[in-house]
1. Write out, first by first residue and then by second, each pair whose Cβ atoms fall under 6 Å of each other, whose residues are 6+ apart or on separate chains, and whose first residue, in the range 439-461, is over 30 Å from GLU427 (Cα atoms) while the second is outside any strand (DSSP E or B).
2. Could you grab me the full set of residues in the range 259-291 that are touching a residue at least 60 places away in the same chain (Cβ under 8 Å), within 28 Å of GLU403 (Cβ to Cβ) and open to solvent by less than 30 Å² (accessible area, probe 1.4 Å)?
3. What are the residue pairs meeting all of these: first residue in the range 44-68, first residue in a loop (DSSP other than H, G, I, E, B), second residue surrounded by fewer than 19 Cβ atoms within 10 Å (Cβ to Cβ), Cβ atoms under 6 Å, and 6 or more apart or on different chains?
4. Looking only at residues that are within 16 Å of the ligand (Cβ to nearest atom) and at pLDDT 90 or above in the range 359-382, which one is farthest from TYR431 (Cα to Cα)?
5. Tell me yes or no: at least one residue of the range 448-461 is closer than 30 Å to ARG17 by Cα and open to solvent by 20 Å² or more (accessible area, probe 1.4 Å).
6. Would you mention how many residues in the range 398-428 are in contact (Cβ under 8 Å) with a residue 60 or more places away in the chain, touching a helix residue (DSSP H, G or I) at 6+ places or on another chain (Cβ under 8 Å) and either aromatic (Phe, Trp, Tyr) or not in a helix (DSSP H, G or I) (or both)?
7. Considering each of ASN183, ASN191 in turn, give the residue that is surrounded by fewer than 19 Cβ atoms within 10 Å (Cβ to Cβ) and in a helix (DSSP H, G or I).
8. Can you tell me which residues in the range 108-125 are of a type outside the set (Gly, Ala, Ser), open to solvent by 20 Å² or more (accessible area, probe 1.4 Å) and not in a loop (DSSP other than H, G, I, E, B)?
Amino acid sequence: MIIVLDFGGQYNQLIARRVRENYVYCEVHPYTISIDKIKQLSPEGIIFTGGPNSVYDEQAALYSKEIFELGIPILGICYGSQLIAHLLGGTVSSAPTSEYGRTEVSVNNSSALFNDISPVTVCWMSHTDYIEQVPEDFIITAKTSVCPVAAMENAEKNIYAVQFHPEVMHTVQGMTMLENFINNICNCVPNWTMDTFVASTINSIRDKVGAGKVLCALSGGVDSSVAAVLLSKAIGKQLTCVFVDHGLLRKNEGDEVEAVFGKEGPYDLNFIRVDASQQFYEKLTGVTDPEQKRKIIGEEFIRIFEKEAKKIGSVDYLVQGTIYPDVIESGLGKAAVIKSHHNVGGLPDCVDFKEIIEPLRLLFKDEVRRAGLELGIPDYLVFRQPFPGPGLGIRIIGEVTAEKVKIVQDADWIYREEIKNANLDREISQYFAALSNMRSVGVMGDERTYDYAVVLRAVTTSDFMTAESAELPWELLHKVTTRIVNEVKGVNRVLYDCTGKPPGTIELE
Ligand code: XMP
């Protein structure tokens, strides 16, 4: 295992990804992790990330030099490299001009880090501060036309530092540099593969659960589906999956989930489908505020789930589909609450459980998908786009009614069908139809209409934190518009949302 110490840089998760792409397990920890904890984790290597601070800020002053005495190889990246220089007695200064973007770097190939790297290679730089003088016992192993220390090392102590970012794709040979660090310097064994992960997780679940009963809140989304199948392979009928249909699902979704996980499906598991549509619609009557809608849906969901859990009785464990990005606590800064998220994977321990099992907490989303394929879950479930816990409830602006739900479901169905026909479904990160609360005048068959406007949304994003509106081909938008207006009763206008995130959010509420 390699651990990444997060100093608040933008690419901390990307570094972890790159290590895992090398078949070595990697965890991200806040830089405040104690030395004792590092010793306990006993990693083969440590990577310091970049970060927004200066080494003269208090963050560095808090940092202990003891980490360099553990005998574990260290690679510092950007701020991480400056921190190494600063803590070990070098000098870090602020340059008169910053160095950003693709930069030619001359490297010394006798460094183990630069094995098989071209003598002049393009790297991605993003810094103003730089290492002016390296610490004693360090040598300079790379430079650029303006940066005297683009890399330095103390090979005897296995401490390496690079000013550029090897983890980003713009650093052309960055992956080779990381491979050199992971395989040659840290001597890691590349054995982190999905089949071994699946097999070992199944064994550890069996050990933990014994003869106990387990409950899984299944939404049909990728994470909870993969978690459910893993559990079912491990403990069979000791598992019960509860699928709450809140009446805010996409068209046919309830039946699709039941087809896979219910009696007729390939998995022999206890599956309970609770049709609670009416209950949700009643609770949502007259409610227009987005936050209130979210809270009502979340609360109602939990109440139903609790009721079902009580019916089953003496359940020891609850399964959650929590994945790695949900788990990481960088410990740096706290974001403002934009929306109170609810999803079935985020259920509080509202019912008495001995323990919560989170079999996917070590995986990134695409790794969860690979685990899903490994477990034989059908492609269309594995590659589903994200769907929010509150469902169509937050894609209908204003009050939610059964009539509006039907309109969104039908419009969304057409939109999804046409995007698939255009072979764009894997290219767009998320796309859906929503219902504006606007009604406007139109004319159809010589008649005046006064109907709803459907909003089409499609975004590209890698992390869903920021997103761009996708540039869909006009013919596609035109076709979808014509079909929606012709086929969905109650709609006479279709709008395309061109807003990015920020300033918009992906969902409309
Ligand atoms: P926003 O609208 O915040 O959405 O830009 C970002 C991503 O999160 C999804 N989303 C949710 N997922 N429960 C979820 O499980 C929620 O309450 C929720 N709200 C938004 C959204 O679909 C997008 O992928």
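1. ASP451/GLY490
2. Residues satisfying the conditions are SER277, PHE280, LEU284, VAL287.
3. Short answer, once both residue conditions are applied: GLY51/GLY8; PRO52/GLY8.
4. Filtering first and then ranking leaves LEU360.
5. So in the range 448-461, the residues closer than 30 Å to ARG17 by Cα come out as 457-461.
Next cut, open to solvent by 20 Å² or more (accessible area, probe 1.4 Å) only: 460-461.
Within the range 448-461 (the criterion being closer than 30 Å to ARG17 by Cα and open to solvent by 20 Å² or more (accessible area, probe 1.4 Å)), the answer is yes, since at least one residue qualifies.
6. Within the range 398-428, residues that are in contact (Cβ under 8 Å) with a residue 60 or more places away in the chain, touching a helix residue (DSSP H, G or I) at 6+ places or on another chain (Cβ under 8 Å) and either aromatic (Phe, Trp, Tyr) or not in a helix (DSSP H, G or I) (or both) number 4.
7. ASN183
8. Of the residues in the range 108-125, the ones of a type outside the set (Gly, Ala, Ser) are 108-109, 113-117, 119-125.
Subsequent filtering for residues that are open to solvent by 20 Å² or more (accessible area, probe 1.4 Å) retains 108-109, 115-116, 119-120, 122, 124.
If the condition is that a residue be of a type outside the set (Gly, Ala, Ser), open to solvent by 20 Å² or more (accessible area, probe 1.4 Å) and not in a loop (DSSP other than H, G, I, E, B), then VAL120, VAL122, TRP124 are the ones that fit.
The values are calculated or read from the model by the stated rules, or taken from the named source; none is laboratory data. Since we're looking at a predicted model, the values are computed, not measured. Glycine also receives a Cβ, built like all others from the backbone with ideal geometry; neighbour counts cover every protein chain displayed. Just so you know, the surface numbers come from the protein's heavy atoms only, side chains and all, with ligands and any DNA or RNA stripped out. Shrake-Rupley method; radii C 1.70, N 1.55, O 1.52, S 1.80 Å.
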